[in-house]
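Read the figures in this text as sums done on the coordinates, not as results from a lab. The structure presented is a predicted model; accordingly, all values stated were derived computationally and were not measured. As a convention, Cβ positions derive from the backbone with ideal geometry for all residues, glycine included, and neighbour counts pool all protein chains shown.
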Amino acid sequence: MSDLATTIKTKSAAAPTVRDTLSRMEGEFARALPKHIPVERFLRLAFTELSKTPRLTQCTTPSLLGALMSAAQLGLEPGPLGHFYLTPRSLKGTYQVVPIIGYKGMVELARRSGQLSSIEARPVKANDLFEFEYGLTERLVHRPLMDGDRGETVAFYGVAKFKDGGHVFEVMSRADVDERRDRGAAGKSGPWATDYDAMGSKTVIRALQRWLPQSPEMALALAVDEQPQTWAPGMPVAQVHDDPAVDFSTGEVIEGTIINEGP
């Protein structure tokens, strides 16, 4: 056999690529995904993220699989929608994928309870008019400066309104948000570097969750957000969503279905 033929044969027998590994896991991802996300689309988005950020292919395979399995279980798509980010980080001497839930992803998960009429968060700039009070007579006033420089971001607030007419809100200073950011493994990288206001808004929506209806999906989201996950073939695939219960485009509970509230 020629040297060239030997080289070709050796390369063909080499370890599978990251793409090969993900393709082989198609069945597991399909079992974890909700019905409204086809596994073909999910993997296509994952491959796009690998192409956009080559460093992801240098991360440990269990951390990449863990991040993508978390996204599948939550029914959030990685990539351009801003629902779920795959962020490579050097941790403990190796590159690992840190999953980061984006602002839109956190809002979507909160809406799936079917008990909210609206939920949103906004950044507050130094030159805006911003006043709030907690207590028996809560009030929240934000008037963004319309002309001139609004200044740097100094705070964030999130507001959720319930279908029964009630509401809750949460306010966090920039220092509070940065302190929460620094607890996570993502640090200042990924969307924290490119979309700080969106990530700060996500953080205050996350803090607001203590006042909102809880679900298995949200519990999982709070556990995996900005923390490396590991998963390997053969490990159990948990399904935390109940597909028939919620219209994922609106967050409305579908009439005639029963929500699985979990244990």
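Taking 0.36 nm per residue of separation and subtracting the current Cα-Cα distance, fully stretching the chain between Thr57 and Glu138 would add 24.2 nm.
Between Lys188 and Tyr95, the FRET efficiency from the beta-carbon distance, with R0 = 22 Å, is close to 0.85.
Annotation for segment 149-185: GluC sites (Glu not before Pro) lying in DSSP loop with at most 13 further Cβ atoms inside 10 Å of their Cβ are Glu152. Which entries of Lys92/Lys202; Lys125/Lys163; Lys104/Lys161; Lys161/Lys188; Lys161/Lys202 have Cα-Cα distances beyond 23 Å here? Where the Cα-Cα span goes over 23 Å, the pairs concerned are Lys92/Lys202; Lys125/Lys163; Lys161/Lys188.
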